[in-house]
Amino acid sequence: MPMSFQDLRDLRRIYSIRSVLGYSGKRNWMVCPLPQHIHSSNPTPSFSMYFDRDGVERWKCHGNCGLRGDVIDLVGFLSVSGYDPTSMQSVMRAVSILGNKHEIREPVKVSRDLLSEDAWCEFVPPGIEVHNYAIERGLLRRTVEKFKIGQKNNYMSIPTFENDRLVGIKFRAMGSEDLRFFTAKGSKSGLFNFDNILWTDRPVVIVKGEIPAMLLDQYDILSCAPTGGENMHVDEYSRALAFCSRRVVVGDNDRDPDTRQKMQKAARERANALHAELRFPPQEHKDIDEWILADETAIDVIRSWL
């Protein structure tokens, strides 16, 4: 029986992208190696390698060529003129080159319940819906790119990294979905923007959510946000803030009196755990990001806290 197109594609499980590239580094990012990519005089890493939930190793260029695929496609784009990943003939030529030049490796098994290191890559670049929602929330396109924001259906994907390793992905609804938030399988609670606040000697603002943390970043105000909700234990992060000149926890002013009382109690406990001052926006504003967008003096007031 002749080999089918899917049979050919299944061969991708037994070859390594790193082996094809001759790359032995630990990082999963590198300068894009594809001839279709237009490089500047100072090329920057834009090519990521990751495993999907089915255990298939994949790659994606987040730069100007925008190509993506598996190990077969990589060989095709590198070595097959006019390579077309949907063409049986193109894929057969790529597989032939792959088999002649590269060693087989054992298939990698990836649990569906584990969050792979580059799982965030699956959701970028985001669509126009995310960019429009970001604009509504005061976020610039460069901020969306800086924090690797992506999209899954009608949810904005927000990854959290600690020590350059992915610890979780939160999905935030951009509309009226039943679920306002949910997380990718295998995610753990973390501190959004951890790598930028670690051991800093600058003042740090600790806010309730990722969006206000990104909004403050646009004003060069160093900020972070626990990703696990009000009841998340944050004591361990006090060590990461050991050298900062000042710590300020900002709470919310919920419209409902009972909810506001609970949320402000949680904010006080968080401030105590982080040995931080506690501040709130003016009563007429529900939260810090609403305040910043509505009041042009808000940033100056926040800076005065620091």
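The values are calculated or read from the model by the stated rules, or taken from the named source; none is laboratory data. A quick note: this is a predicted structure, and the numbers were derived from the prediction, not measured. We place every Cβ from the backbone using ideal geometry, glycine too, and count neighbours over all the protein chains shown.
Within segment 168-189, identify whether any single residue is in contact (Cβ under 8 Å) with a residue 60 or more places away in the chain, within 30 Å of Arg303 (Cβ to Cβ) and not polar (S, T, N, Q), and answer yes or no. Within segment 168-189, none of the residues are in contact (Cβ under 8 Å) with a residue 60 or more places away in the chain, within 30 Å of Arg303 (Cβ to Cβ) and not polar (S, T, N, Q). Inside segment 230-263, residues that are of a type outside the set (A, V, I, L, M, F, W, C), part of a loop (DSSP other than H, G, I, E, B), under 28 Å from Thr200 (Cα atoms) and in contact (Cβ under 8 Å) with a residue 24 or more places away in the chain make up a count of 7.
Considering Thr200, Thr227, which residue is of a type in the set (Ser, Thr, Tyr), assigned by TED's automatic domain parsing to the domain that holds Gly251 and in contact with a Cys (Cβ under 7 Å, 6 or more places away or on another chain)? One residue alone meets the criteria, Thr200. Scanning segment 127-177 for residues that are closer than 19 Å to Phe194 by Cα, over 11 Å from the mean Cα position of the chain (by Cα) and among the β-branched types (Val, Ile, Thr) gives a single hit, Thr143.
Residues that are buried (at least 16 other Cβ atoms within 10 Å of the Cβ), farther than 20 Å from Arg270 by Cβ, among the aromatic types (Phe, Trp, Tyr) and in contact with a helix residue (DSSP H, G or I) (Cβ under 8 Å, 6 or more places away or on another chain) do not occur anywhere in segment 131-139. The set of residues from segment 21-35 being of a type outside the set (Ser, Thr, Tyr), modelled with pLDDT of 80 or more and under 21 Å from Asp118 (Cβ atoms) comprises Leu21, Gly22, Asn28, Trp29, Met30, Val31, Cys32, Pro33, Leu34. How many residues does segment 103-127 hold that are at pLDDT below 75 and either touching a Phe, Trp or Tyr at 6+ places or on another chain (Cβ under 6 Å) or within 28 Å of Glu145 (Cβ to Cβ) (or both)? Counting residues in segment 103-127 that are at pLDDT below 75 and either touching a Phe, Trp or Tyr at 6+ places or on another chain (Cβ under 6 Å) or within 28 Å of Glu145 (Cβ to Cβ) (or both) gives 2. Considering segment 196-224, the residues that are polar (S, T, N, Q) and surrounded by fewer than 23 Cβ atoms within 10 Å (Cβ to Cβ) include one that is nearest to Lys170 (Cα to Cα), namely Asn196. Do the conditions hold for Ser40, that is, is it part of a loop (DSSP other than H, G, I, E, B), surrounded by fewer than 18 Cβ atoms within 10 Å (Cβ to Cβ) and hydroxyl-bearing (Ser, Thr, Tyr)? Judged against the criteria, Ser40 is a match.
Exactly one residue out of Leu306, Leu278, Leu274 is buried (at least 20 other Cβ atoms within 10 Å of the Cβ) and at negative phi: that is Leu274. With respect to the conditions (1) in contact with a helix residue (DSSP H, G or I) (Cβ under 9 Å, 6 or more places away or on another chain); (2) of a type in the set (Lys, Arg); (3) surrounded by fewer than 12 Cβ atoms within 10 Å (Cβ to Cβ), Arg246 lacks only one, and its number is (3).
Is it the case, given these coordinates, that Ile221 is within 28 Å of the chain's Cα centre (by Cα), assigned to a loop (DSSP other than H, G, I, E, B) and at pLDDT 95 or above?
yes
For segment 176-203, a residue qualifies if it is more than 19 Å from Gly228 (Cβ to Cβ), hydroxyl-bearing (Ser, Thr, Tyr) and at pLDDT 90 or above, and exactly one does: Thr200.
Sort out which residues of segment 1-37 are among the aromatic types (Phe, Trp, Tyr), more than 26 Å from Met88 (Cβ to Cβ) and part of a loop (DSSP other than H, G, I, E, B), and write them in order of number. Within segment 1-37, Tyr23 is the sole residue that qualifies.
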